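Take a look at the structure below.
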Amino acid sequence: MASIGFLGLGIMGKAMAANLVKAGFDVTVWNRNSAKCAELVALGARQGTTPKDVAASCDITFAMVSDPEAALALCQGPNGVMAGMGAGRGYVDMSTVDDNTSKTIAGLITQVGGRFLEAPVSGTKKPAEDGTLIILAAGDQSLYDDVKPAFEVMGKMSPYLGDVGQGANMKLVVNMMMGGMLSIFSEGMSLGQKAGLDGQQILDIVDAGAMANPMFKGKGAMLLNENYTTSFPLKHMQKDLRLAVALGDQLEQPLPTAAIANEAFKQAIKAGFAEEDIAAVYKVIK
Ligand code: NA7
């Protein structure tokens, strides 16, 4: 791959772009708050001035921003990606958005001759740092083939899921399950401790059985230590639950458990925990 652009250096984007630089790719970065570019520039990346400038100077541009509004904002306007996209260039949006937003972005990019791939990821800060994300790609297959070497640096698995929208849908399904699991897990941990059980013993027993999973283990330790250092911002999980519930409405699929989990995360945002880790949902449940 000749040159790569990377837009959005939040928790995830910073780690992913750093891995690309370290693997020897020629990377140009941009972030709305430009101070976040310094660390990447110190590693060897170039710094772009606008999304337009990055898209115009790189063969393939990746984006990793917070939500549908941010993903759209990045593309539009006089300094947006669309203004810099030329024929044959590629745009890979790795942000978690809904399928309709992804299709809108695909339309904007292809309208100016570009190729589009959506590629939201499953995995938070640590897998992003370790290059072990699960990348859920869908869209232009030639672009998928072209970016495979970069996906191999950022992730451990990058299945191709078909038309634009299916990557977004897969991501929402996976995170909806995660949000639901985390809220029932928080209820169980809280109930158990109120009944006089030892929290660590609950974790050990769950971990020894069929329900063992890395999330319960990792988030469980955070609950017991009351450490909510952010790997996955709680506000983003609520966004994913909100988008999953909306998809359920659209497809007439009842989602009673997800809808309740969404309410718990909304409550946590209202209580001031939006920027803390998803584990902080426990604080409104306990
Ligand atoms: P963070 O750490 O909250 O980072 C969000 C990034 O999105 C950060 O670079 C922001 O720039 C950027 N952002 C937010 N709004 C905009 C607008 N309007 N325009 C341009 N850039 C914007 O999120 P994560 O890295 O944890 O997550 C990223 C995605 O992966 C998200 O979809 C998750 O659900 C999964 P800033 O630094 O604030 O200037």
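One table, with the values for the structure above:
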read-out: Overall form of the stretch 1-94 per C-alpha gyration tensor (a/c, 1.5; a/b vs b/c); value: oblate
read-out: With DNA, RNA and ligands ignored, accessible area of THR230 (1.4 Å probe; Å², nearest 10); value: 40 Å²
read-out: Centre separation in Å (Cα based) which lies between the stretch 97-113 and the stretch 1-74; value: 19 Å
read-out: Accessible-area ranking of GLU129, GLU69, largest first, probe 1.4 Å; value: GLU69, GLU129
read-out: Interchain or long-range residues, amide H under 5 Å from ARG32's placed H; value: GLY8, LEU9
read-out: With every protein chain in place, the chain: carbon and sulfur % of accessible area (1.4 Å); value: 55 percent
read-out: Within the stretch 4-164: Cβ-based charge dipole about Cα centre, in debye rounded to nearest 20 (Lys, Arg +1; Asp, Glu -1); value: 400 debye
read-out: Share, in percent, of DSSP beta bridges within the chain that are antiparallel, nearest 5; value: 20 percent
read-out: Solvent exposure ordering (accessible area, 1.4 Å, most first) of ILE278, ILE134; value: ILE134, ILE278
read-out: Span from the the stretch 183-220 Cα centroid across to the the stretch 259-286 one, whole angstrom; value: 18 Å
read-out: Amide proton proximity set for GLN47, modelled H, under 5 Å, gap of 5+; value: VAL29
read-out: Shape of the stretch 4-164, Cα gyration tensor, a/c cut at 1.5; value: rounded
read-out: Accessible area of SER142 in the full protein assembly, 1.4 Å probe (Å², nearest 10); value: 50 Å²
read-out: Mean ellipticity per residue at 222 nm, deg cm²/dmol - from DSSP H runs of n ≥ 4 across the chain, formula -39500 (n - 2.57); value: -16500 deg cm²/dmol
read-out: Contact order normalised by residue count of the chain, Cα under 8 Å, 6+ apart, percent; value: 14 percent
read-out: Over 24 Å between alpha carbons, listed pairs LYS14/LYS148; LYS52/LYS171; LYS14/LYS156; LYS194/LYS217; value: LYS52/LYS171
read-out: Exposure ranking of ARG242, ARG32 by accessible area [1.4 Å probe, largest first]; value: ARG32, ARG242
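The values are calculated or read from the model by the stated rules, or taken from the named source; none is laboratory data. Keep in mind that what you see is a predicted model, and the values were worked out from it rather than measured. Cβ sites come from the backbone with ideal geometry, for glycine too, and all protein chains shown count toward neighbours. The area values use the complete protein model at the heavy-atom level, side chains included, leaving out ligands, DNA and RNA. Shrake-Rupley method; radii C 1.70, N 1.55, O 1.52, S 1.80 Å.
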